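Notes for the one structure printed next.
The values are calculated or read from the model by the stated rules, or taken from the named source; none is laboratory data. Treat the numbers as computed from the prediction; the structure is a model and nothing was measured. Because the Cβ atoms are built from the backbone with ideal geometry, glycine has one as well, and the counts that use them run over all protein chains shown.
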Amino acid sequence: MLVTDPVLQRYKQSPDSLFCQFVQRDSIRDITCHELVSKSMQYANLYHRLGLTEGDIILIILKHSPDLYYSFLGAMLAECIPSYLAYPTIKQIPEIYWKSQEKLFSRKSTKGLVAYNEYITEHHERIGALGIHVISPEDAQKSDSRELNPAISSSHTALLQHSSGTTGYKKGVALSHSAILSQVESYARKNKFQTGNKIVSWLPLYHDMGLIACFMLPVILGIPIISLDAFEWTGNPKLLFEVIDRLRCTHTWLPNFAFHHLSRTVPDNQAYDLSSMKAFINCSEPCKPETFELFLERFSSYGVSNETLQTCYAMAETVFAVTQTEPGKYPEVINADLDELTMNQLVLPSIDNEAAIRFLSVGTPIDGLSVKITDQDDHILPDGNVGEIAISGHCLFDGYYQLETETREKIRDDWYFSGDLGFIKEGELFITGRKKDIIIINGRNFYAHDIESAANSVHGIKPGRNVAVGIYNDQTGSEEVILIAETSITDKNELKKVNRGVKQQIISELNLMIKSVAFFPPGWLVKTSSGKISRKENTRKYIEHLGNNNPERLVYET
């Protein structure tokens with residue numbers, strides 16, 4: 001069985017069934033299954049006419065539009081391997097962007113590129129030099145919609161998901177048809193999907209949460225998608241609530257920051273009926289208890305309840321979900337002793353809540369996946385011990401495309417070693433951070449996201465626009481924490497107050513004295529293509545700033 005089989009079956013049996021309600025600039029357009037498949041067939045036939053065939057990579061760089069769906073599904077129908085890439089924004093430096101893209105195109109042996117005519121014209125020489133067939137949506141509209149039936153096996157690669165790196169190589173996660181179908185079947189059972197469900201999403205399709213939970217899963221199961229533009233949602237967050245209220249949506253997946261963004265920006269004088277929602281699923285590790293508490297306090301009068309708040313631990317390498325909390329049940333919260341955690345990597349109940357750190361469960365493994373916690377020698381650790389999370393099971397990826405060394409480093413004895421850290425308590429998984437995000441201060445382990453979370457609560461710090469980095473000091477033999485934060489404040493006295501507040505808050509919450517807070521103007525921090533703050537690139541940028549002794553972009557540091 002292939003990913004396209006359920007879609008083709010609905011196309012023949014119920015062509016007028018709803019695939020998507022496409023929301024854009026105050027308009028809602030219904031797309032039926034018949035339109036989805038016929039438009040996708042136009043792309044598939046065009047790919048074939050250009051000589052693209054089984055196993056050829058087709059990269060898709062489009063803005064929010066129905067053609068994102070058509071071009072992707074069309075590649076599958078043509079037995080090719082589609083993959084989304086982020087559309088370039090005005091904030092990206094063109095030379096850096098194209099240096100990254102050229103490496104990706106050549107390393108992947110890309111055969112096709114779907115992009116707009118203006119994009120193709122602007123980069124004609126670069127694309128032409130790579131020998132890639134270029135397809136525009138306008139080209140596809142002129143193609144015929146003759147029916148194609150892919151005849152490859154379920155073990156063939158269905159698609160590539162790409163990592164969200166900034167300027168480095170993006171690793172293509174190769175996923176087979178069988179792995180995707182197995183994931184969807186197990187995850188559907190976990191979530192107890194049923195007739196009448198509607199999935200609403202603003203998530204970009206080049207990210208695994210958007211691609212799998214909000215495209216592949218619903219198109220396979222026949223659940224209607226309500227599709228919003230990520231850029232429109234960012235500028236107008238209440239749009240999500242407006243659509244839920246109007247179209248009676250039932251499920252959405254959100255990164256942790258989005259819950260905060262909604263809580264901060266939805267006007268108090270506007271109310272929405274969110275009672276149709278069965279699940280707001282926080283799927284950006286680590287999920288924070290404070291996040292749900294804030295969301296509940298702000299929107300309980302709108303119909304949000306404990307039962308509608310859930311968490312999920314997911315990654316591209318397992319197609320999507322690894323674990324999920326039970327529908328209708330609020331996730332477990334653990335108060336862990338801070339000293340035991342930082343000194344011994346052991347989770348014990350805290351007697352003193354002021355010296356505790358709180359963790360939110362991300363649930364139990366979905367059917368067919370197993371999870372274990374391991375030490376640095378890959379030995380299994382007992383419950384309550386923090387270690388690296390390893391996963392094995394039926395929907396594990398086939399490896400990083402054309403990156404055998406990287407694949408061998410991550411998959412050992414059929415277990416994928418995630419690089420994420422966590423612990424298991426009574427069968428439930430809790431995420432504590434990532435190995436690469438640990439900052440070691442005088443033998444104590446601190447998670448960078450905990451430092452950032454503490455800083456976020458200080459007046460004058462814009463939540464989500466700061467990053468904690470560890471800079472090694474060869475005189476002390478330890479790392480020192482620098483918090484890099486963007487600010488619009490220019491008054492030095494005001495910044496001194498914010499600086500003191502940040503340091504006091506971090507001491508209070510984590511018993512940690514950070515070295516300094518470096519304030520830079522808005523737009524200084526480097527983001528990945530999926531919109532995350534890049535710790536690696538901002539550490540590099542900050543070190544370059546120190547080495548150049550060039551303070552003109554620095555607003556204040558102490």
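Quick check: anything in the stretch 499-520 surrounded by fewer than 20 Cβ atoms within 10 Å (Cβ to Cβ) and within 27 Å of the chain's Cα centre (by Cα)? So far as the stretch 499-520 goes, no, none of its residues is surrounded by fewer than 20 Cβ atoms within 10 Å (Cβ to Cβ) and within 27 Å of the chain's Cα centre (by Cα).
Which residue, of Val37, Val23, is closer than 27 Å to Asn236 by Cβ, modelled with pLDDT of 95 or more and buried (at least 23 other Cβ atoms within 10 Å of the Cβ)? First the steps, then the outcome.
Values: Val37 fails: closer than 27 Å to Asn236 by Cβ.
That would be Val23, the only listed residue that is closer than 27 Å to Asn236 by Cβ, modelled with pLDDT of 95 or more and buried (at least 23 other Cβ atoms within 10 Å of the Cβ).
Among the residues making up the stretch 96-152, those that are of a type in the set (S, T, N, Q) and either surrounded by 16 or more Cβ atoms within 10 Å (Cβ to Cβ) or modelled with pLDDT of 85 or more (or both) are Ser100, Gln101, Thr110, Asn117, Ser136, Gln141, Ser143, Ser145, Asn149. The criterion of at least 1 residues that are farther than 19 Å from Asn191 by Cβ is met by the following strands (runs of 3 or more DSSP E) wholly inside the stretch 258-369: 333-337, 356-360.
For Gln402, the requirement of being at negative phi, modelled with pLDDT under 95 and part of a loop (DSSP other than H, G, I, E, B) is not met. In the set (1) within 26 Å of Leu62 (Cα to Cα); (2) buried (at least 19 other Cβ atoms within 10 Å of the Cβ); (3) modelled with pLDDT under 95, the condition left unmet by Phe259 is number (1). Inspect all residues belonging to the stretch 175-197 and state whether any of them is under 17 Å from Phe22 (Cα atoms) and either crowded, with 23+ Cβ neighbours inside 10 Å or not assigned by TED's automatic domain parsing to the domain that holds Gly328 (or both). For the stretch 175-197, residues under 17 Å from Phe22 (Cα atoms) and either crowded, with 23+ Cβ neighbours inside 10 Å or not assigned by TED's automatic domain parsing to the domain that holds Gly328 (or both): present. Flag: Thr265 matches the condition of being under 30 Å from Val467 (Cα atoms), surrounded by fewer than 16 Cβ atoms within 10 Å (Cβ to Cβ) and in contact (Cβ under 8 Å) with a residue 12 or more places away in the chain.
This table checks each residue for (1) in contact (Cβ under 8 Å) with a residue 12 or more places away in the chain; (2) closer than 29 Å to Leu104 by Cα; (3) out of contact with any helix residue (DSSP H, G or I) (no Cβ under 8 Å at 6 or more places or on another chain).
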| position | (1), (2), (3) |
| --- | --- |
| Pro382 | no, no, yes |
| His394 | yes, yes, no |
| Thr407 | no, yes, yes |
| Asp414 | yes, yes, yes |
| Gly427 | yes, no, yes |
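Any residue in the stretch 435-444 that is closer than 27 Å to Glu406 by Cβ, in contact (Cβ under 8 Å) with a residue 40 or more places away in the chain and β-branched (Val, Ile, Thr)?
Pass one, the stretch 435-444, residues closer than 27 Å to Glu406 by Cβ: 435-440.
Narrowing the set further to residues that are in contact (Cβ under 8 Å) with a residue 40 or more places away in the chain leaves 435-437, 439.
The next check asks that each one be β-branched (Val, Ile, Thr); those that pass are 439.
Yes: one or more hits.
Can you tell me which residues in the stretch 299-322 are touching a residue at least 40 places away in the same chain (Cβ under 8 Å), on the phi < 0 side of the Ramachandran plot and either crowded, with 24+ Cβ neighbours inside 10 Å or touching a Leu at 6+ places or on another chain (Cβ under 9 Å) (or both)? So that I can check it myself, show each step before the final result.
Looking only at the stretch 299-322, we keep the residues that are touching a residue at least 40 places away in the same chain (Cβ under 8 Å), and these are 302, 310-322.
So of that shortlist, the ones also on the phi < 0 side of the Ramachandran plot come out as 302, 310-318, 320-322.
If the condition is that a residue be touching a residue at least 40 places away in the same chain (Cβ under 8 Å), on the phi < 0 side of the Ramachandran plot and either crowded, with 24+ Cβ neighbours inside 10 Å or touching a Leu at 6+ places or on another chain (Cβ under 9 Å) (or both), then Tyr302, Gln310, Thr311, Cys312, Tyr313, Ala314, Ala316, Glu317, Thr318, Phe320, Ala321, Val322 are the ones that fit.
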